[in-house]
Amino acid sequence: MRDVMEALRKREAQEKVPAIRLEIDYFLVTLSDAMQEEDEIAVKEAKAKLRVLSEQLNRFES
């Protein structure tokens, strides 16, 4: 049973990691744009979202 659960977790990670990476790329572009426009609110929002995505990525990759 443990093997089945581990296999399911690995499969889930394989499916979610690419999507998380795409979201990270998007929010990095968003952050860059916000910084160029000196939009402090958008910078804070993008950084917050990037932190969450980074944590998710770390969970799935470990």
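Any read-out appearing in this document is the output of simple, stated calculations on the displayed coordinates, not a laboratory observation. Please read these numbers as outputs of a predicted model, since none were measured by experiment. Note that we place each Cβ from the backbone using ideal geometry, even for glycine, and neighbour counts take in every protein chain shown.
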Checklist entry - Of the listed peptides 5-18, 42-55, what is their order by residue-averaged count of other C-beta atoms within 10 Å, with the highest listed first? => result 42-55, 5-18
Next on the checklist: Spelling out what I want: for every residue of region 36-41, take phi, set θ = phi - 60°, compute 6.51 cos²θ - 1.76 cosθ + 1.60 (Karplus), and round to whole Hz; glycine and proline get x.
Outcome noted: 5, 8, 6, 9, 5, 5
Next on the checklist: Please compute one quarter of the surface area of the Cα convex hull for the chain and express it in square nanometres.
Outcome noted: 4.1
